[in-house]
Amino acid sequence: MTHTLQLLQLLNLLTLTLLGARVGHLYLSLGQIGLLLLGSGLLTYTLQRTYHFATLTTTLGVVLMMVTPHFWIYGVVIALALLQKQLLHYHGRHLFNPSNFALIMALLLFYHDAHIVLGQLGDNRYFAWGVIGSGVVVLWRAKRWIIPLAFLLSYLGSQYWGIVAHDPLLLFESVSDRFYSVSFLLFMLFMLTDPRTTPTHPYTQALFGVAIALGATLLDYHYGFRVQHLFVVLFALTPLTRLLTSLPTSWQEWVWMGGVLLLVASAIIYLQNHPPYYFEMDG
């Protein structure tokens, strides 16, 4: 079942990438994307002597969410994401969503040269509905549909009551229009719901989706809206969720997880102290 879901998700992302090249604006050419897919596949085979569909899914997630004028940066952060899958485990499961880990590493290491963007795939309504349809199929089979639903409701509510209601110059449409961005839907339906790094029980899935929304809104309230807020909150909550759902059984595990969470908090503080960037998609 796991391999079937991974293949289905990969086929969905490949299809979205090809369609995005026609109706949206991909920063990389299809040839460059193919080169990154080949490189990530070879790296995974070198490390594990086997291939994984999830490797290619991770690569596409980075390509569709990040832009940089330096092609080699894509290779560096994707390699770091694949390496952390081998090194950072807790009770047999990953600590971080690989694609999200790559994006955060890009900001930490190359803040002025690599940016998270939500505009590459455009906002074509038919394309958006196609993303929703394909996402629902995967989420239903993976039993992760509660997470985006809880996130959607709590994000709209918290953004309205926590931000829009306190700013007479801000319209609620500025929040709801984000859901017309195909890349935003991609984040909500595919990146937010990674089965290897999200809770399995329905009530903890709901709490996870609500926590992502509230955390991002809290950062928006204090710092102003930044695209990175959704991703840094996801970066923080995935290891914290693992800790809360499976407590350490030895002092070594307590030290290990404490160190990981300390580094995560330090990384987020470092990123939030940087000035915001503004990136415009042309084409």
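The values are calculated or read from the model by the stated rules, or taken from the named source; none is laboratory data. Predicted model, so just to flag it, every value in this text is computed and none were measured. Heads up, the Cβs are rebuilt from the backbone with ideal geometry, glycines too, and the neighbour counts pull from every protein chain shown. Just the protein is used for accessible areas: all its heavy atoms, side chains included, with ligands, DNA and RNA removed. Shrake-Rupley method; radii C 1.70, N 1.55, O 1.52, S 1.80 Å.
Starting from the coordinates of the alpha-carbon atoms of the stretch 64-158, obtain the Kirkwood hydrodynamic radius over all distinct pairs and give the value in Å to one decimal.
After inverting the mean inverse Cα-Cα distance, the result is 15.7 Å.
Could you point to the residue in Phe184, His229, Ala206 farthest towards the positive end of the stretch 161-231's charge dipole, with +1 and -1 charges on the Cβ of Lys/Arg and Asp/Glu respectively?
Projecting each Cα onto the dipole axis, the largest value belongs to Ala206.
What value in Å³ per residue do you get for the convex hull of the alpha-carbon atoms in the chain? All intermediate terms of the calculation are to be shown ahead of the outcome.
Working: hull volume 36.6 nm³, N = 283.
Residue-normalised Cα hull volume stands at 129 Å³.
Can you tell me what the convex hull of the Cα atoms of the stretch 99-140 projects to on average, as an area in nm²?
On the way: hull surface 15.3 nm².
Answer in nm², one decimal: 3.8.
Excluding Ser174 itself, calculate the net charge of residues whose Cβ lies under 15 Å from the Cβ of Ser174, where each Lys or Arg counts +1 and each Asp or Glu counts -1. Mind dumping the intermediate values first?
Values: positive: Arg178, Arg226; negative: Asp123, Asp167, Glu173, Asp177, Asp220.
The answer is -3.
Given DSSP loops and a limit of at most 16 other Cβ atoms within 10 Å, what is the longest stretch of the chain that contains no such trypsin sites (Lys or Arg not before Pro)?
Working: sites that count: Arg49, Lys143, Arg196.
The reported range is 50-142.
Over the alpha carbons of the stretch 10-169, what is the largest minus smallest coordinate on each principal axis, giving the biggest first in Å?
Principal axes ranked by extent give 54, 40, 34 Å for the Cα atoms.
Among Pro168, Pro69, Pro202, which one shows the biggest mean-square fluctuation in a GNM of the chain, springs joining Cα atoms closer than 10 Å?
Pro168
Under the rule of -39500 (n - 2.57) per DSSP H run of 4 or more residues, summed and divided by the residues of the chain, what mean residue ellipticity at 222 nm is obtained, to the nearest 500 deg cm²/dmol?
On the way: 12 runs with 190 residues, N = 283.
It comes out at -22000 deg cm²/dmol, rounded to the nearest 500.
Please list, by residue number, every one of the chymotrypsin sites (Phe, Trp or Tyr not before Pro) in the stretch 202-281 that is coil in DSSP and has at most 10 other beta-carbon atoms within 10 Å. Let's see the in-between values first.
Numbers: sites: Tyr203, Phe208, Tyr221, Tyr223, Phe225, Phe231, Phe235, Trp251, Trp254, Trp256, Tyr270, Tyr277, Tyr278, Phe279; in loops: Phe225, Tyr277, Tyr278, Phe279.
Qualifying residues, ordered by number: Tyr278.
Quick one: accessible area per residue over the stretch 185-249, 1.4 Å probe, rounded to a whole number of Å²?
Numbers: 2480 Å² over 65 residues.
Heavy-atom accessible area per residue stands at 38 Å².
Mean Kyte-Doolittle of at least -0.5 and a Cα length of 20 Å or more along the axis: which whole DSSP H helices of the chain meet both? If you can, show how the numbers build up before the last one.
Working: long enough: 2-23 (31 Å, 1.03); 30-48 (27 Å, 1.20); 71-87 (25 Å, 1.50); 125-142 (25 Å, 0.97); 146-162 (23 Å, 1.05); 202-223 (32 Å, 0.73); 228-245 (26 Å, 1.32); 251-272 (31 Å, 1.19).
Those that clear 20 Å and a mean of -0.5 are 2-23, 30-48, 71-87, 125-142, 146-162, 202-223, 228-245, 251-272.
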